[in-house]
Amino acid sequence: MGCAGAKKSTPKPLPPLQPTAGTIVGSALSFDFRALGTVASDGVTLPLLSPNGSHIAVQTGAAPDLPTALARPGQRTPLASRIAMYRLEARGIVRLGETDGGLVLGRSADNRGFLVESVRPDGARWIGKVDWSTRETEWLVQDGRVNAFASLGGDGTLTYSSREIRERYFDLVVRKDGQTRRLAGDGTRSYLMACMNADGSRVFAVSLRDGILELASADPTSDESLRQSVVRAFVTDRGNDELALFMTSAQGVRDGIDGRDWILFHRSMNSLARWNDVDGLRVVPGGVMAWARVDGAREAVLVGGKVRVRSTATDAPNGGLDPGTVVIEQLGVPRALGTIEEQPAIIIFAPEANSVRVLMVRILAK
C-alpha cells in the first residue's frame, strides 16, 4: 500500500515539565527531559514504538469502531483512519508520512516495521507489515479468512487469531521459519490477543468460552504440543472480547512481556498483574496502571495519575513498597527504552484530546 503526504513538519514545542523532588532506595534522582513533540492520534489507540526507540506509528483520524477493532462479523474498512509514521530524534519528531486510509494499526513493531490489518471487501482480514524506511506494506497473511490481533515475537515469530468468515470462534496460529502451527478453537472457544514470551518457549493468549475468560499458555513447537501443553488460568465468568482487548491494550506486546511473565490489566484487582503457567497470577503492587522496565533494579510506573520511577525491591527502607520518584505529575504511559547516552531512559506517551505528547526521559542519579 502506498504512502501519502510524506512532508516533514516542525515539531510542536511542549511546555517544560520539571521533576518533583523525591528519593528512591535512599538515592536522589534527577531527570533529563527531552520533550520531543506532539503527534495527532485517534484519541483511543496508543502509539507503537520500535524496540530500538527510533520510530513510532500512530493511528489518526476516526478510530475504528468496536466491531472492527475486535474483528467481529460486523467489521468494516475504517476509511476515515490512517496511520502516521515518525522518526524520533534528539531534536524532536520527524514526520515520515502516512498510509492510505482503511488500515487498522497492529499490536506490535520491530526495528524494520510495524504490523497493520486490512478488512477486505469480502469480509476477510489480512495482516501486513509496513517498512519504516520505504513505507511499503508486505502482506504476511492474505487468505480468505479473518486474521486479526497479530503480534511479533523477539525472534520474528508471528502469532495471530484466525477464523472462517462465517464462524465466530478464533483459532490460535503461530508462524515461524516458514512453518505454521495451529491451536483450534473447535467451534466453542476463541483465542485472542496472542503473544510470545521473551525466549519464545511459550505462547500466551486470552481464552474465551461461554463467557469464561482465562489466560492460556502453551508450547508452540508443533500442533500436538500446542494441544497437549496448554495451561489455563481462570479470570472471570463474565468475560468477552472487549474485556480481552481492555486487559491487553495498555501494556501492549512490547512492554507486556517481561522474561517469562505476561503483564496484563486485571480489572478485579484494579492493577496490572503478572502471569505465567508456573508461578500463576501475581498482582503488580501499588495499583499500577502502566509499567516499563528501566534497568535491573528500577521500573517506571503509572500510579495515581502520575508517572514514577521506583525500585523493584520489595524491602524498601521505609518498611513497605518504595513510592518512587515522581517523573511527571500527569497521566502518561511509560515505555522501556534502554540506555541513551550511557544513562537508562524511558519514553512517556501522554495522551491528550486527539493527540499524544512524546517525552524522552533519561534517569540521572545524583
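The values are calculated or read from the model by the stated rules, or taken from the named source; none is laboratory data. Remember, predicted model here, so these are calculated numbers, not experimental data. Cβ sites come from the backbone with ideal geometry, for glycine too, and all protein chains shown count toward neighbours. Remember, those area values only see protein heavy atoms, side chains included, never the ligands or the DNA or RNA. Shrake-Rupley method; radii C 1.70, N 1.55, O 1.52, S 1.80 Å.
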To one decimal place, what orientation-averaged projected area in nm² is obtained for the convex hull of the Cα set of the chain? 17.7
Using unit Cβ charges (K, R positive; D, E negative) and no other charged atoms, how large, in debye to the nearest 20, is the dipole of the chain about its Cα centre? 700
Sorted peptide list for 121-129, 156-164, criterion being average Cβ within 10 angstrom, highest first: 156-164, 121-129
Taking every pair of alpha-carbon atoms in the range 121-271, give the share separated by more than 26 Å as a whole percent. 22
Considering only protein heavy atoms and a probe of 1.4 Å, how much of the accessible area of the chain is carbon and sulfur, as a whole percent? 49
Throw me the Rg/Rh for the range 227-326, computed over C-alpha atoms with Kirkwood Rh, two decimals. 0.99
Cβ crowding within 10 Å averaged over residues, with 256-264, 94-102 ranked highest first: 256-264, 94-102
What percentages make up the Cα-Cα pair-distance distribution of the range 69-175 when the bins are 5 Å wide from 0? 2, 12, 22, 23, 17, 12, 6, 3, 1, 0
Taking the Cα centre of the range 93-221 as origin and charging only Cβ (+1 Lys, Arg; -1 Asp, Glu), how large is the dipole, in debye to the nearest 20? 160
Highest mean first, how do 185-192, 53-60 rank when packing is the count of other Cβ atoms within 10 Å averaged over residues? 53-60, 185-192
How much area per residue is accessible in the range 91-202 when the probe is 1.4 Å and only protein heavy atoms are counted (Å²)? 40
Find the eigenvalues of the gyration tensor of the Cα atoms of the range 179-258, then list the square roots of 5 times those eigenvalues as equivalent ellipsoid semi-axes, largest first, in whole angstrom. 20, 17, 10
So what is the relative contact order for the range 167-243, in percent, with contacts set as C-alpha pairs under 8 Å and at least six apart? 23
